[in-house]
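Participant: Handing you a structure now.
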Amino acid sequence: MIKTMIKAATFGLVGVLISLPAMAGQEMKVGVKGMVCSFCAQGIEKKFRSQDEVADIQVSLEKKFVMLKFKDGKTLSEAKITQLLKDAGYEANFSAGESAKP
Ligand SMILES: [Cu+2]
């Protein structure tokens with residue numbers, strides 16, 4: 001039984017769906033397409049700060065990404081982040097963090 005649960009937890013998707021206490025203060029880097037000026041950056045920052053789950057956000061206009069820091073045990077799903085950015089007129093790019101090619 002426990003073995004099965006551990007096995008299940010090793011699957012990335014399951015880990016993302018369950019908010020474990022170990023994920024406290026988690027950070028997430030998300031690329032933002034369409035962010036071109038400081039007004040964009042400010043608007044995006046305001047949008048994410050208004051979310052309950054977000055503890056802090058840093059926006060890099062130059063590198064076109066946001067660094068989200070979540071409150072203890074909380075997180076935003078990629079779908080939710082995509083929707084928030086879409087509402088604001090931008091496009092989320094989740095592959096930007098891992099494959100940061102020059
Ligand atoms: Cu702008």
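Participant: Within the range 35-47, count every residue that is under 21 Å from Ser95 (Cβ atoms) and in contact with a helix residue (DSSP H, G or I) (Cβ under 7 Å, 6 or more places away or on another chain).
Facilitator: The number of residues fulfilling the criteria is 2.
Participant: Quick one: is Ser77 exposed (fewer than 14 other Cβ atoms within 10 Å of the Cβ) and in contact (Cβ under 8 Å) with a residue 60 or more places away in the chain?
Facilitator: Numbers: exposed (fewer than 14 other Cβ atoms within 10 Å of the Cβ): yes; in contact (Cβ under 8 Å) with a residue 60 or more places away in the chain: yes.
Criteria met by Ser77.
Participant: Just checking, how many residues over the range 80-99 are without any contact (Cβ under 8 Å) to a residue 40 or more places away in the chain and part of a strand (DSSP E or B)?
Facilitator: 0
Participant: Name the residues in the range 51-74 that are buried (at least 16 other Cβ atoms within 10 Å of the Cβ) and either free of Cβ contacts under 8 Å to residues at least 12 places away in the same chain or within 13 Å of Glu91 (Cα to Cα) (or both), would you?
Facilitator: Answer for the range 51-74, where residues must be buried (at least 16 other Cβ atoms within 10 Å of the Cβ) and either free of Cβ contacts under 8 Å to residues at least 12 places away in the same chain or within 13 Å of Glu91 (Cα to Cα) (or both): Lys64, Phe65, Val66.
Participant: Would it be correct to say that Thr75 is more than 16 Å from the ligand (Cβ to nearest atom), at pLDDT 60 or above and part of a loop (DSSP other than H, G, I, E, B)?
Facilitator: yes
Participant: Still on this structure, I have one more. Pairs needed: first member in the range 25-50, within 13 Å of the ligand (Cβ to nearest atom); second member anywhere, among the basic types (Lys, Arg); C-beta distance under 6 Å; at least 6 residues apart or different chains.
Facilitator: From the range 25-50, the pairs are Val32/Lys64; Met35/Lys64.
The values are calculated or read from the model by the stated rules, or taken from the named source; none is laboratory data. Note that the structure is a prediction, hence the values are computed from the model and not measured. As a convention, Cβ positions derive from the backbone with ideal geometry for all residues, glycine included, and neighbour counts pool all protein chains shown.
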